[in-house]
Amino acid sequence: MAAARHYIDILHGTMGSKMTLAPSNVMYTFEAVKGLIEQGYKEINLNCIFEKGWEEKHAIILYNQLKLLANYILKNNLEDELYISIFEEYMFHPKALEDTQNWCGGNGAMIAIDWKGDIYPCIRYMESSLGN
């Protein structure tokens, strides 16, 4: 975070990030995104995993987390300063069967760096992202 703050404050850069949502972490969506916003991130791409495991209870949790996030953004007048991908109108409907586009960076096109400085091909596979 110190390097990100330096990039934002000293070099006047704009920070963005990607967050992968799964049934095991969806309950932390609001706090995680809020934390990035408070650190100066202006673009946050939220993507859900495609694998099995999602249940109706997870959809309810995600809905409530996104309500908290939307209310936070509106309360703090941030709606014109931020891009949060999951609030795009094209979200929240089934993809067409022929639509195979995804935004996974696991092919090395989107590197992730953990708190120790170790580099991974995707944030999802970082030791700190895998949980137990």
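May I ask you to list the residues in the stretch 51-84 that are of a type in the set (Phe, Trp, Tyr), exposed (fewer than 13 other Cβ atoms within 10 Å of the Cβ) and closer than 17 Å to TYR41 by Cβ? Give the derivation first.
To start, the set of residues in the stretch 51-84 that are of a type in the set (Phe, Trp, Tyr) comprises 54, 63, 72, 83.
From what's left, exposed (fewer than 13 other Cβ atoms within 10 Å of the Cβ): 63, 83.
Across the stretch 51-84, the qualifying residue is only TYR83.
Regarding the stretch 22-31, can at least one residue be identified that is in a helix (DSSP H, G or I), modelled with pLDDT of 90 or more and acidic (Asp, Glu)? The answer is yes, given that some residue of the stretch 22-31 is in a helix (DSSP H, G or I), modelled with pLDDT of 90 or more and acidic (Asp, Glu). Just for the stretch 1-50: of the residues that are surrounded by 14 or more Cβ atoms within 10 Å (Cβ to Cβ) and of a type in the set (Phe, Trp, Tyr), which one is nearest to LEU68 (Cα to Cα)? The extreme case among them is PHE30. From the list ALA32, ALA4, ALA70, the one residue that fits, being free of Cβ contacts under 8 Å to residues at least 60 places away in the same chain and over 28 Å from GLU127 (Cα atoms), is ALA70.
Among residues of the stretch 110-121 that are at positive phi, none has a beta-carbon under 6 Å from a residue that is acidic (Asp, Glu) at least six positions away or on a different chain.
In the stretch 40-62, which residues are part of a loop (DSSP other than H, G, I, E, B) and among the hydrophobic types (A, V, I, L, M, F, W, C)? Within the stretch 40-62, ILE49, PHE50, TRP54 meet the criteria.
The values are calculated or read from the model by the stated rules, or taken from the named source; none is laboratory data. As the structure is a computational prediction, the values presented were derived from the model and not from experiment. Positions of Cβ are generated from backbone atoms using ideal geometry, with glycine treated the same way; all protein chains shown enter the neighbour counts.
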